[in-house]
Amino acid sequence: MTYANGEGVPQDLEAALKWWKLAAEQGSADAQSDLGVMYQSGIGVPQDYKEALKWNKLAGEQGKIKAQYNLGVMYAEGQGVTKDSKEANKWYRFAAEQGNTKAQTNLGMSYLVGQGVPQDFKEAVKWFRLAAEQGDAFAQFKLGGMYLMGKGVPQDSEAARKWMKLSTDQ
C-alpha cells in the first residue's frame, strides 16, 4: 500500500504491483485481494477479469471478505466468467455472513426476486435488516418497502416510514 498510496515514497503503481505480486505468490490473502481489485478495476494495470478471478478466488478461499464480495460481483455480472447467480450468491453469502453490507444487500435482492435462490421474502428481510442496521441506505429503503407491502414481515407502516426516513436522511 505504501507505493500505491504514495505513503513516504512517491506514488508508484508499478512498484506496488511488483510487491503485491511477490506477496500474493507467497500466499498473502491481503495481497491477493488487492491484486484482484487492481485487475478487476484496471487500476495500474490493464483490466483483466481472468487475472482478477484468479487472485480473488485465492483470497476468497482464505476468507478475505472483499475478495468474496468481488467474486460475487464477477459471477453476477459475468466478468471473466459465465454469469452464474447461484455462484454469485455463494460468494455473497460468505462475505455477508462476515458482515459485508453490500453482500448482505445483494443477497437480500436475490431472495427478493428469486435470482439464483428460491424467492423467499423472510430471507430477503433478514439480509436487508442486517445491512440496514449497519447503515446501508439502499438496504434501509428495501426493508422499508418490505414493511410497507407486508412481504416477509407483518405490514407495518410505522416501521416502513422509519426505515425509509433513515434511507433518505443519508
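The values are calculated or read from the model by the stated rules, or taken from the named source; none is laboratory data. Keep in mind it's a predicted model, so treat the numbers as computed, not measured. Note: ideal-geometry Cβ built from the backbone for every residue, glycine included; neighbour counts use all protein chains shown.
I'd like to verify a number: residues in the stretch 93-115 that are in contact (Cβ under 8 Å) with a residue 24 or more places away in the chain and within 20 Å of Ala137 (Cα to Cα), how many?
15
For (1) out of contact with any His (no Cβ under 8 Å at 6 or more places or on another chain); (2) of a type outside the set (D, E, K, R); (3) under 17 Å from Ser33 (Cα atoms), each residue gets a yes or a no:
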position: Gly63; (1), (2), (3): yes, yes, yes
position: Asn100; (1), (2), (3): yes, yes, yes
position: Gly114; (1), (2), (3): yes, yes, no
position: Gln119; (1), (2), (3): yes, yes, no
position: Glu123; (1), (2), (3): yes, no, no
position: Arg129; (1), (2), (3): yes, no, no
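Under 7 Å by Cβ, and 6 or more places apart or on different chains, what pairs join a residue from the stretch 118-130 that is crowded, with 17+ Cβ neighbours inside 10 Å with one that is among the aromatic types (Phe, Trp, Tyr) and assigned to a helix (DSSP H, G or I)?
Cβ pairs passing all conditions: Glu123/Tyr111; Ala124/Tyr111; Trp127/Tyr111.
For residues in the stretch 40-77 being modelled with pLDDT of 95 or more and among the hydroxyl-bearing types (Ser, Thr, Tyr), which is nearest to Thr105 (Cα to Cα)?
Only one residue fits best here, namely Tyr69.
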